[in-house]
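Everything below concerns the one structure shown next.
Where a number appears in this text, it was derived from the coordinates with a stated rule and is not lab data. Since the structure is predicted, the reported quantities are computational estimates derived from the model, not experimental observations. Reconstructed Cβ throughout: ideal geometry from the backbone, glycine too, with neighbour counts over all protein chains shown.
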């Protein structure tokens with residue numbers, strides 16, 4: 001579903017000069033897989049996700065999502081993905097249902113399909129109690145559920161999720177985790193970035209650690225344990241960053 005080949009992104013900073021945020025990154029993510037992308041702040045995670053979502057153009061290298069190239073076919077790529085960024089981008093004066101209906105229209109979904117899909121997502125994400133309330137009146141968790149629903153609305157084959165449970169309480173995070181597991185069971189390809197190690201260890205089939213724009217390792221939990229001699233993902237992660245535990 002996702003094939004990343006030698007992807008790099010360079011930014012020019014007036015004070016620091018050229019900064020290589022993503023440095024020759026390559027990996028694959030398959031259908032029916034949750035693939036974790038972990039790293040400290042500034043490691044290149046979000047830049048990598050934004051490149052794959054075609055919000056940024058790579059300096060070199062490329063990637064394909066469901067067979068479409070991010071450089072040559074960005075419009076086609078966008079049709080294949082649901083992208084959740086750190087900025088929810090919700091309209092405060094609209095209710096969750098109105099937001100979902102609006103984005104359904106943008107995705108050329110007919111009325112019957114929009115209504116069916118909205119009902120499915122509202123139920124799945126436990127949104128019924130606030131689905132008719134203006135978004136600017138909602139809690140952070142309610143807004144995040146709305147953003148997740150919007151990401152999954154057109155039932156895309158590829159989901160790119162940047163810290164979907166950041167700052168959420170345990171019940172809300174659990175609801176979102178359950179939705180991700182359901183997406184995996186439906187054969188979706190899920191690229192998942194998080195700072196919550198326990199969450200990644202529970203959800204992800206394979207995990208990649210990135211630091212300084214470079215991939216340090218890719219593997220299953222068992223493969224990461226063998227490579228580092230550590231057991232918990234938190235310990236593995238710190239070991240790969242050179243931090244003693």
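Tilt of helix 111-124 relative to the longest C-alpha principal axis of the chain, in degrees (0 to 90, nearest 10)? Tilt of helix 111-124: around 60 degrees. The long axis of helix 140-152 is offset from the longest Cα principal axis of the chain by roughly 90 degrees.
Report summary: the helix-based calculation at 222 nm, which adds -39500 (n - 2.57) for every DSSP H run with n ≥ 4 and divides by the residues of the chain, gives -11000 deg cm²/dmol.
Calculate how steeply helix 96-106 sits against the longest principal axis of the alpha-carbon atoms of the chain, using the helix alpha-carbon long axis, and give the answer as 0 to 90 degrees to the nearest 10. Helix 96-106 sits at roughly 80 degrees to that axis. As a rough guide to protection, the peptides 171-179, 233-241 ranked by mean Cβ packing within 10 Å, highest first, stand as 233-241, 171-179.
Just for the chain, what percent of DSSP beta bridges are antiparallel, to the closest 5? Expressed as a percentage, antiparallel bridges in the chain total about 55. Comparing 13, 24, 101 in a Gaussian network model of the chain (Cα springs below 10 Å), the most mobile by mean-square fluctuation is 13.
Taking every DSSP bridge with both residues inside segment 99-233, close to 50 percent are antiparallel.
Sorted ascending by nearby beta carbons within 10 Å, beginning with the fewest, 91, 192 become 91, 192.
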